[in-house]
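Notes follow the structure.
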Amino acid sequence: MRMPGPLWIGSLLCLLLTAPCMSADMTGVTRLLVTTYQLKPERMAQWRQIQAHEVVPALKQAGVPGRTIYRTVIGNASEMMEVVVLPSFAAFDRPSPLEQVLGADDASALQARLDECVLSVTRHIEHRQDEFHINPGDAGVLFTSWYRPSPGRSRDYLSFIRAEMWPAVQRARAVDNISGFSVTVSDKGGETGLYTLNMFYSDFASLDGPPPVAFILGPKGTAEFIAKGAGLITPLGQAVRVRESTLSF
């Protein structure tokens, strides 16, 4: 089988050989391929330049509908995260968009130059729960928190988001407290079943205020919200990222 080229830049063999664990029914779910690059600090500028001036034009020429690159600001400061929609795994059966545009030899040479800037690459699949999605557009700041559901409580947590969190998030968006929102559930490429909450903002200053739910519900309502969700999840971590506008389209 022909291995994909540098749209995802590296081997996807482990991902492709992972035993299927998701339902074939993807109704209400968007599959995302999330690639995290740990860059050499002294090569970050070079990596960004190659991406902006060579990779992005080639991807657009190939007809790739879009991708988003985030740089971690609070968390691992040498980290870049790429998010692309993956409608079908059949994409891996074809040459990558860069290979289609540049040819195999030039695409391989481009990958080698990018590899010189990279310490490690990890990839995994996230399933975005579209019922909880507010398109962030070009919002520049992303606050991410991720959680492990308690044993047997994953569906309960999803119901909690639907009944308690989502209405408050919608109200927060209506008054421009946030610019976007999404919930994803991890699948292939790492620990499965982890929940990630993504809150998008127009600027970093917005992070000085309370989270959207607390902003809408106030102290008493927030305390009741926390009590209703008690025991459903274990917090795992948080990060703040900025959208790289010249690398995204």
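Below are the figures for this structure:
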read-out: Count of segment 112-121 residues which are surrounded by 14 or more Cβ atoms within 10 Å (Cβ to Cβ) and part of a loop (DSSP other than H, G, I, E, B); value: 1
read-out: Any hit, segment 157-169, residues being part of a loop (DSSP other than H, G, I, E, B), out of contact with any helix residue (DSSP H, G or I) (no Cβ under 8 Å at 6 or more places or on another chain) and not assigned by TED's automatic domain parsing to the domain that holds Leu86; value: no
read-out: Any hit, segment 134-155, residues being part of a helix (DSSP H, G or I), outside the structural domain of Ala58 (by TED's automatic domain parsing) and surrounded by 14 or more Cβ atoms within 10 Å (Cβ to Cβ); value: yes
read-out: Selection within segment 68-84 - aliphatic (A, V, I, L, M) and in contact with a strand residue (DSSP E or B) (Cβ under 6 Å, 6 or more places away or on another chain); value: Ile69, Val73, Ile74, Met80, Met81, Val83, Val84
read-out: Test result for Arg2, modelled with pLDDT of 95 or more and among the basic types (Lys, Arg); value: no
read-out: Sole exception among (1) surrounded by 14 or more Cβ atoms within 10 Å (Cβ to Cβ); (2) assigned to a loop (DSSP other than H, G, I, E, B) for Lys60, by number; value: (2)
read-out: Lone qualifier among Ala24, Ala91 - being in a helix (DSSP H, G or I) and at pLDDT below 95; value: Ala91
read-out: Number of positions in segment 172-212 that are within 15 Å of Pro136 (Cα to Cα), under 15 Å from the mean Cα position of the chain (by Cα) and of a type in the set (S, T, N, Q); value: 3
read-out: Subset of segment 25-49 (residues that are free of Cβ contacts under 8 Å to residues at least 24 places away in the same chain and of a type in the set (Ser, Thr, Tyr)); value: Thr27
read-out: Among the residues listed as Phe215, Phe181, Phe200, the single one being more than 21 Å from Thr36 (Cα to Cα) and touching a residue at least 12 places away in the same chain (Cβ under 8 Å); value: Phe215
read-out: Test: residue in segment 220-240 that is out of contact with any helix residue (DSSP H, G or I) (no Cβ under 8 Å at 6 or more places or on another chain), surrounded by 15 or more Cβ atoms within 10 Å (Cβ to Cβ) and in contact (Cβ under 8 Å) with a residue 40 or more places away in the chain; value: yes
read-out: Selection from segment 63-111 of residues that are buried (at least 17 other Cβ atoms within 10 Å of the Cβ), of a type outside the set (A, V, I, L, M, F, W, C) and closer than 23 Å to Thr30 by Cα; value: Arg67, Thr68, Tyr70, Arg71, Glu82, Pro95, Ser96, Pro97
read-out: Count of residues meeting criterion [touching a strand residue (DSSP E or B) at 6+ places or on another chain (Cβ under 6 Å) and not in a strand (DSSP E or B)] in segment 174-201; value: 8
read-out: Checklist (1) under 21 Å from the mean Cα position of the chain (by Cα); (2) over 23 Å from Arg71 (Cβ atoms) applied to Phe143, failing item; value: (2)
read-out: Test: residue in segment 195-217 that is loosely packed, with under 15 Cβ neighbours inside 10 Å and at positive phi; value: no
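The values are calculated or read from the model by the stated rules, or taken from the named source; none is laboratory data. Note that this is a predicted model, so its numbers are computed, not measured. When we count neighbours, we look across all protein chains shown, and the Cβ atoms used for this are built from the backbone with ideal geometry, even at glycine.
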